[in-house]
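Structure, as structure tokens:
The values are calculated or read from the model by the stated rules, or taken from the named source; none is laboratory data. Just so we're clear, the structure is a prediction, and the values are computed from it rather than from any experiment. Glycine also receives a Cβ, built like all others from the backbone with ideal geometry; neighbour counts cover every protein chain displayed. Just the protein is used for accessible areas: all its heavy atoms, side chains included, with ligands, DNA and RNA removed. Shrake-Rupley method; radii C 1.70, N 1.55, O 1.52, S 1.80 Å.
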Amino acid sequence: QGRYVNPEFKQNDKEKRFTVEGYNTDIITDRALEFMDDNAHQPFYLHLSYKSVHQPFTPAPRHAETLDDTAFKIKSPNARTTWMTLRRKRAETLLSVDESVGRVVAYLREHDLLDNTVLVFTSDNGFLFGEHGFGDKRYFYEESIRIPWLVHYPRLTASGTSIDQPILNVDFLPSMLELVGADIPEHIQGASFVPLMTATDPTKVDWRDYWIYEYMIEQQYMHVPTHLAVVGKDYKYVRFPEGQALLKRFSGEELLFNTKTDPFEMTNIASDESSVK
């Protein structure tokens with residue numbers, strides 16, 4: 001990930017790492033705009049990833065101490081309220097990403113490329129930030145497994161369209177291949193979500209009804225047990241095939257949640273036959 005301030009970078013045409021003065025997010029965005037300057041005359045692909053918001057949270061100097069701890073409302077009934085300062089610093093660190101996305105969009109608009117460019121905004125993971133007493137991204141809970149997924153491409157779909165079908169990160173590659181008219185290899189596990197974008201009624205598209213979440217225990221994170229989950233529209237089933245793991249935060253029993261009536265996953269109904277329909 002590197003440092004937030006005066007980070008080191010590696011570059012394809014350079015053998016050694018080199019230091020760039022400034023703030024990490026700003027530097028990466030500057031390079032992205034340079035790349036687009038060099039390639040705006042032809043089709044291009046830009047994968048723009050930031051260190052933000054990995055810990056330790058370090059806002060850009062212009063954003064530090066600009067937000068208020070008390071402005072953050074916690075929806076989950078079991079989240080730790082003592083983490084408000086960390087929540088604020090995380091949000092302040094994200095402000096530079098907000099600005100950078102704005103800079104990219106402004107560039108595309110200025111060069112008359114915005115409506116002819118597919119913009120996908122997403123993340124590699126969600127995060128438990130005090131919910132269920134955890135501060136991690138490796139658990140099966142909704143706050144951990146859900147990620148933002150925003151697509152802007154007005155040539156295919158209208159602004160404000162919302163799709164309820166579950167999109168997975170493995171769907172990104174086949175979707176981009178279809179959008180550029182390339183063949184999708186048979187071994188690709190994901191599915192193109194382009195039909196969902198173009199359908200008059202996305203519910204009529206042949207799409208997955210559930211998906212599988214899996215986490216395999218890692219040596220450096222022995223407190224998080226191996227667990228497998230089946231995630232459907234209204235239910236989530238979780239099992240721990242290797243038991244409790246180091247800190248025994250889970251008993252190892254199977255879990256079943258009705259995520260429609262119990263969105264914060266507070267009640268395990270695995271042994272309650274009357275609650276499952």
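Taking N6 as the residue in question, decide whether it is surrounded by 11 or more Cβ atoms within 10 Å (Cβ to Cβ), in contact (Cβ under 8 Å) with a residue 12 or more places away in the chain and among the polar types (S, T, N, Q). Spell out how you get there, then give the answer.
Details: surrounded by 11 or more Cβ atoms within 10 Å (Cβ to Cβ): yes; in contact (Cβ under 8 Å) with a residue 12 or more places away in the chain: yes; among the polar types (S, T, N, Q): yes.
Considered against the rule, which asks whether it is surrounded by 11 or more Cβ atoms within 10 Å (Cβ to Cβ), in contact (Cβ under 8 Å) with a residue 12 or more places away in the chain and among the polar types (S, T, N, Q), N6 comes out as yes.
Look at G135 and say whether it is at pLDDT below 90, in contact with a helix residue (DSSP H, G or I) (Cβ under 8 Å, 6 or more places away or on another chain) and either open to solvent by 50 Å² or more (accessible area, probe 1.4 Å) or among the small types (G, A, S) (or both). When the stated conditions are applied, G135 passes them.
Would you mind stating whether E92 is open to solvent by 60 Å² or more (accessible area, probe 1.4 Å), of a type outside the set (G, A, S), over 30 Å from Y237 (Cβ atoms) and modelled with pLDDT of 95 or more? For E92, the condition - open to solvent by 60 Å² or more (accessible area, probe 1.4 Å), of a type outside the set (G, A, S), over 30 Å from Y237 (Cβ atoms) and modelled with pLDDT of 95 or more - is not met.
Of the residues L46, L67, which single one is in a loop (DSSP other than H, G, I, E, B), without any contact (Cβ under 8 Å) to a residue 60 or more places away in the chain, among the aliphatic types (A, V, I, L, M) and surrounded by fewer than 14 Cβ atoms within 10 Å (Cβ to Cβ)?
Values: L67 fails: surrounded by fewer than 14 Cβ atoms within 10 Å (Cβ to Cβ).
Residue meeting the stated conditions: L46.
Would you say D124 is open to solvent by 50 Å² or more (accessible area, probe 1.4 Å), more than 24 Å from K89 (Cβ to Cβ) and acidic (D, E)? Outline the logic, then answer.
Working: open to solvent by 50 Å² or more (accessible area, probe 1.4 Å): yes; more than 24 Å from K89 (Cβ to Cβ): no; acidic (D, E): yes.
So D124 does not fit the description; no.
V104 - would you say it is outside any helix (DSSP H, G or I), more than 30 Å from N78 (Cβ to Cβ) and in contact (Cβ under 8 Å) with a residue 40 or more places away in the chain? Even if it seems obvious, please write down each step before you answer.
Values: outside any helix (DSSP H, G or I): no; more than 30 Å from N78 (Cβ to Cβ): yes; in contact (Cβ under 8 Å) with a residue 40 or more places away in the chain: yes.
No: the conditions fail for V104.
Among the conditions (1) more than 30 Å from P43 (Cα to Cα); (2) in contact (Cβ under 8 Å) with a residue 60 or more places away in the chain, Y237 misses just one, which is (2). The residues of segment 9-43 that are out of contact with any Gly (no Cβ under 7 Å at 6 or more places or on another chain), in a helix (DSSP H, G or I) and surrounded by 12 or more Cβ atoms within 10 Å (Cβ to Cβ), listed by number, are T25, D26, I27, I28, T29, D30, R31, A32, L33, F35, M36, N39.
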